[in-house]
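*Asks:* Right, I'll just put the structure down here and ask away after.
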Amino acid sequence: MIGPSRFAMWMRRATSSSRVLAIALFIVIAIDPWAVLDAGFWLSFTAVGAIFYATSGRLRWRTARGALARMRRALHDALRVQWAVTLRARPLTMLLFQQVSLVSPLANAIAIPVVSFVVTAARARRCAGARGSSARGCCGSRTPRGGTRRLARVAR
């Protein structure tokens, strides 16, 4: 989902979050048509849609005075996004797994920023520096010799 938004930025085009989500959906289905049968597909698109909904048109450009006020605002925004993801994913989780974990909001509060900022940035940095056969293994390989092993090494 980062790819379509980065491509739009590179082309200097403003695009809506729903269009980015639709393009990402098209790309995923074009690459793997059977992905729609996977629970992770539905949960990830639901979570990203909830994040887009929670953050769309709600950015406050007022500058907070002081470090404490900025931290309070950032915490409030993070909690609002977490609450939106939790509320949107609960019914789908019940439908797919017939149970809901009580600690899933806490796990998502930790996992979403880590995956968003640390793992994705490490993977992009690794793929940007890869060349030749290393680039093929890094960017899109699911084999143990390829990108998955490299991602685990970079994340450590």
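The values are calculated or read from the model by the stated rules, or taken from the named source; none is laboratory data. Note that the structure is a prediction, hence the values are computed from the model and not measured. Heads up, the Cβs are rebuilt from the backbone with ideal geometry, glycines too, and the neighbour counts pull from every protein chain shown.
Here's the yes/no breakdown for (1) among the small types (G, A, S); (2) modelled with pLDDT of 85 or more; (3) under 13 Å from the mean Cα position of the chain (by Cα):
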{"residue": "M9", "(1), (2), (3)": "no, no, no"}
{"residue": "S18", "(1), (2), (3)": "yes, no, no"}
{"residue": "A24", "(1), (2), (3)": "yes, yes, yes"}
{"residue": "A30", "(1), (2), (3)": "yes, yes, no"}
{"residue": "W34", "(1), (2), (3)": "no, yes, no"}
{"residue": "A47", "(1), (2), (3)": "yes, yes, yes"}
{"residue": "L59", "(1), (2), (3)": "no, no, no"}
{"residue": "A67", "(1), (2), (3)": "yes, no, no"}
{"residue": "M71", "(1), (2), (3)": "no, no, no"}
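*Asks:* While we're looking at this one, here's another question. Looking at the stretch 1-40 only, could you name the residues that are touching a Ser or Thr at 6+ places or on another chain (Cβ under 8 Å), polar (S, T, N, Q) and either over 19 Å from S116 (Cα atoms) or exposed (fewer than 14 other Cβ atoms within 10 Å of the Cβ) (or both)?
*Replies:* Residue satisfying the conditions is T15 alone.
*Asks:* Taking the stretch 1-55 as the search range and keeping residues that are outside any helix (DSSP H, G or I) and aliphatic (A, V, I, L, M), which one is farthest from L87 (Cα to Cα)? Full working, then the answer.
*Replies:* Of the residues in the stretch 1-55, the ones outside any helix (DSSP H, G or I) are 1, 11-16, 32, 38.
The next check asks that each one be aliphatic (A, V, I, L, M); those that pass are 1, 11, 14.
Working: M1: 21, M11: 34, A14: 29 Å.
Once the filter is applied, the top-ranked residue is M11.
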